[in-house]
Amino acid sequence: MIIVANFKAHKNNSEVISWIEKFNQLQNNFSGNSQLEIVLCPSYVSLAGAFQKINSLTWKIKISLGAQNISAFEEGPYTGEVTVKMIKDYVNYVIVGHSERRRYFSETNDSISQKVMLLKKEKITPILCVSQINEVNPLGDFEGLLAFEPVFAIGSGTPDSIAHINDFVKKAKELLKNARVLYGGSVAPENVSKFSNNKNLYGLFVGSASLDPVVFANIVSHASKN
Ligand code: PGA
């Protein structure tokens with residue numbers, strides 16, 4: 001199982017480092033599940049520092065880094081862009097097409113497909129966020145992770161129902177045979193078990209509840225028991 005911690009536009013470099021130190025100290029609460037992988041997604045500016053810190057500590061579980069976005073351009077005169085090449089030494093994953101990017105930064109399926117293609121070239125796994133099944137249609141031979149995140153469930157405190165999630169997974173697998181689906185939207189310590197128990201899901205995508213390492217470790221601890 002994969003559990004993504006998406007910090008969004010929170011935390012500077014030293015706050016990310018403190019989070020990692022604290023989270024590292026909490027791992028004794030996790031039961032030994034070798035399949036568990038945490039993907040920490042801080043802002044671009046913390047990736048190098050987080051990479052160094054993670055590698056300087058001993059871990060009982062696998063912990064990787066992901067970026068929250070990437071440029072649709074490979075490189076060139078695109079002021080302000082961060083390209084795959086700039087971060088590929090640090091990350092194994094990149095979040096693509098989060099609904100906040102589609103909504104506030106006008107991301108389209110075209111630019112999202114372009115990003116997925118650039119990531120494939122560098123062998124970095126995209127975590128493609130979709131809020132409905134019709135966003136899965138144009139994906140072709142997509143091989144990354146699919147994060148199902150209904151917009152109403154993000155940051156609302158009201159996660160989606162298991163029936164609706166299972167329905168999405170079923171339809172996603174009809175379109176992409178090997179779809180590996182994560183669920184995101186108000187995942188919290190008090191509701192995580194019903195998602196981590198659901199064998200249709202490959203993992204979880206956590207926003208707000210990842211910001212405090214104690215709360216996030218609590219989520220991981222519950223999930224590690226499944
Ligand atoms: P949330 O965010 O956990 O705060 O609901 C999830 C997300 O953005 O995917």
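Some notes on this structure:
- One residue alone among Ile70, Ile2 is closer than 17 Å to Ser221 by Cα, under 17 Å from the mean Cα position of the chain (by Cα) and open to solvent by less than 20 Å² (accessible area, probe 1.4 Å), and that residue is Ile2.
- Residues of region 98-120 that turn out to be in contact with an Asp or Glu (Cβ under 9 Å, 6 or more places away or on another chain) and under 16 Å from Pro42 (Cα atoms), as a count: 2
- Hits in region 13-63 - residues which are open to solvent by 50 Å² or more (accessible area, probe 1.4 Å), basic (Lys, Arg) and touching an Asp or Glu at 6+ places or on another chain (Cβ under 8 Å): Lys62
- For region 123-226, the strands (runs of 3 or more DSSP E) that sit wholly inside it and include 3 or more residues that are more than 10 Å from the ligand (Cβ to nearest atom) are 125-130.
- Restricting attention to region 77-131 and to residues that are among the acidic types (Asp, Glu) and farther than 26 Å from Glu37 by Cα, the residue that is modelled with the highest pLDDT turns out to be Glu81.
- Extreme residue, modelled with the lowest pLDDT, among residues of region 132-190 that are open to solvent by 60 Å² or more (accessible area, probe 1.4 Å) and either of a type in the set (Lys, Arg) or in contact with a Gly (Cβ under 7 Å, 6 or more places away or on another chain) (or both): Lys177
- Applying a threshold of 9 Å to beta carbon distances and a minimum spacing of six or more residues, or different chains, the list of pairs starting in region 209-226 at a residue that is open to solvent by less than 50 Å² (accessible area, probe 1.4 Å) and ending at one that is in a helix (DSSP H, G or I) and of a type in the set (D, E, K, R) reads Pro213/Glu21; Pro213/Lys22; Ala217/Lys22.
- Any hit, region 85-98, residues being touching a residue at least 60 places away in the same chain (Cβ under 8 Å) and open to solvent by 50 Å² or more (accessible area, probe 1.4 Å): no
- When residues in region 151-187 are screened for being within 18 Å of the chain's Cα centre (by Cα) and among the basic types (Lys, Arg), 1 of them pass.
- Residue within region 108-124 that is among the acidic types (Asp, Glu), open to solvent by 20 Å² or more (accessible area, probe 1.4 Å), more than 19 Å from Leu65 (Cβ to Cβ) and more than 14 Å from the chain's Cα centre (by Cα) present: yes
The values are calculated or read from the model by the stated rules, or taken from the named source; none is laboratory data. Values in this document were obtained by computation on a predicted structure and should not be read as measured data. Don't worry about glycine lacking a Cβ; one is built from the backbone with ideal geometry, like all the others, and counts go over all protein chains shown. Side chains included, ligands, DNA and RNA excluded: accessible areas come from the protein's heavy atoms. Shrake-Rupley method; radii C 1.70, N 1.55, O 1.52, S 1.80 Å.
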